[in-house]
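First up is the structure itself, then whatever we jot down about it.
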Amino acid sequence: MAGKSPVDKLRGITRGAPAQQRRSTRERAQTHPEGCVPVTFKAEYIWIDGTAPTAKLRSKTKIITGAPGGLDTLPVWGFDGSSTNQAEGHSSDCVLKPVFTCPDPIRGGDDVLVLCEVLDTDMAPHPSNTRAALAEVAERYAAQEPVFGIEQEYTFFQDGHPLGFPKGGFPAPQGGYYCGVGADEIFGRDVVEAHLDNCLKAGLGISGINAEVMPGQWEFQVGPLAPLEVSDQLWVARWLLYRTAEDFDVAATLDPKPVKGDWNGAGAHTNFSTKAMREGYDAIITAAESLGEGSKPLDHVKNYGAGIDDRLTGLHETAPWNEYSYGVSNRGASVRIPWQVEKDGKGYIEDRRPNANVDPYVVTRLLVDTCCAALEKAGQV
């Protein structure tokens, strides 16, 4: 029998190598003399790019020598900003500064996910970095103890159409899909459950999931958490959603109106409270009214995600984008006060206007800045 060619030998190593050859670096390090094989772990660096009007998530893997030691031990890194709409080719370097880390539930072991903010090479926040502005506002009003819970809606697509939609047609009208059960009404549950498990393994503050009003549309909730924490964790949960869906050959989209016509859009209802709101109803009213003062309605709506006028039509459980209202138990209002909050005389408000594609750093900054300033002025802190 002729000897193996170099290509065949390479295939034998990469595809059909004995188990001894395929073992992980960490396993081999444990059986080799100390110092011969360094112990390493994989760190998936995740960042928000500069794509307009809606930023995208990017990520790449860094192999780090040693055992994981927490956020402060993770090195800064860099990337080609000219390929992510964040720099010109003649000056393309951008900096990745780790701001949040958690276990990588997909790779497992000691591997980690690392959310980063983007800096210029002078270490100043990059223009696309919306986290830096939130950090300033969150610090300014930290004494009021703002807390958020964000309801992230999304829609599954496969082969160019929403999961559950027949090719070239439409399913039965909305009505039975919301929180439904059964293969005739629920589509994509296997992906949803896998995503939920991955978020829990990562230690994220996921508080629930449910099927939404349109077929193939789902929701998960993050919080209650402080402004920076809820925003960081929502971005990581979004990345895990996209990455988990990859394994099922399904795409997840945050399009606020994925199907035109008599179908619900996708939002990111944002629940908000401060210490004063959690203790008294007067502060609830102050916060709700502050969002309707002067130019505030438009200031918020224009930053609540691209395509918001397609979703906020006054139909499908939305208020018109150019009108502001609030009310108890009213899902047709801009801001809802839950009935239990009115009954208890304390709690939180729900801003129903943000799109599914909203930047959580932006929506939390705006709500803290507007509501906390009004509460401070009213002496309700």
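The values are calculated or read from the model by the stated rules, or taken from the named source; none is laboratory data. Predicted model, so just to flag it, every value in this text is computed and none were measured. Note: ideal-geometry Cβ built from the backbone for every residue, glycine included; neighbour counts use all protein chains shown.
Within region 133-164, which residues are within 20 Å of LEU241 (Cα to Cα) and outside any loop (DSSP other than H, G, I, E, B)? Listed by number, the residues that qualify are GLY149, ILE150, GLU151, GLN152, GLU153, TYR154, THR155, PHE156, PHE157, GLN158, HIS161, PRO162.
The numbered conditions (1) of a type outside the set (Ser, Thr, Tyr); (2) in contact with a helix residue (DSSP H, G or I) (Cβ under 6 Å, 6 or more places away or on another chain); (3) free of Cβ contacts under 8 Å to residues at least 24 places away in the same chain are all true for LEU115 except (3). The single condition among (1) closer than 26 Å to ALA226 by Cβ; (2) basic (Lys, Arg); (3) buried (at least 16 other Cβ atoms within 10 Å of the Cβ) that LYS377 does not meet is (3). Only a single item in (1) in contact with a Pro (Cβ under 6 Å, 6 or more places away or on another chain); (2) surrounded by 15 or more Cβ atoms within 10 Å (Cβ to Cβ) is not met by TYR281, and it is number (1). Residues in region 119-152 that are buried (at least 21 other Cβ atoms within 10 Å of the Cβ) and among the aromatic types (Phe, Trp, Tyr): 1 in all. So which of GLU139, GLU145, GLU117, GLU153 ends up being farther than 30 Å from THR73 by Cα and acidic (Asp, Glu)? Criteria check complete, one pass: GLU153. Take SER295 and tell me if it is of a type in the set (Ser, Thr, Tyr) and either under 18 Å from SER231 (Cα atoms) or in contact with a helix residue (DSSP H, G or I) (Cβ under 6 Å, 6 or more places away or on another chain) (or both). No. For ALA268, the test of being in contact with a strand residue (DSSP E or B) (Cβ under 9 Å, 6 or more places away or on another chain), assigned by TED's automatic domain parsing to the domain that holds VAL222 and of a type outside the set (Ser, Thr, Tyr) is passed. I need every pair where a residue in region 201-221 that is of a type in the set (Lys, Arg) has its Cβ under 8 Å from the Cβ of a residue that is surrounded by fewer than 24 Cβ atoms within 10 Å (Cβ to Cβ), sequence separation at least 6 or different chains. These pairs meet every condition: LYS201/PRO103; LYS201/PRO105. Hey, could you check region 195-235 for residues that are among the acidic types (Asp, Glu) and either within 29 Å of HIS316 (Cβ to Cβ) or buried (at least 20 other Cβ atoms within 10 Å of the Cβ) (or both) and say which is nearest to the chain's Cα centre (by Cα)? Once the filter is applied, the top-ranked residue is ASP232. Which residues, counting only those in region 328-350, are small (Gly, Ala, Ser), under 21 Å from LYS296 (Cβ atoms) and either touching a Lys or Arg at 6+ places or on another chain (Cβ under 8 Å) or free of Cβ contacts under 8 Å to residues at least 12 places away in the same chain (or both)? Listed by number, the residues that qualify are ALA333, SER334. Does ALA276 count as surrounded by 15 or more Cβ atoms within 10 Å (Cβ to Cβ) and assigned to a loop (DSSP other than H, G, I, E, B)? Considered against the rule, which asks whether it is surrounded by 15 or more Cβ atoms within 10 Å (Cβ to Cβ) and assigned to a loop (DSSP other than H, G, I, E, B), ALA276 comes out as yes. So which residues in region 241-256 are assigned to a helix (DSSP H, G or I) and surrounded by fewer than 21 Cβ atoms within 10 Å (Cβ to Cβ), if there are any at all? Residues satisfying the conditions are TYR242, ARG243, GLU246. Against the definition (within 22 Å of the chain's Cα centre (by Cα) and closer than 22 Å to ALA202 by Cα), how does THR101 come out, yes or no? Yes; evaluated as a whole, the condition is true for this residue.
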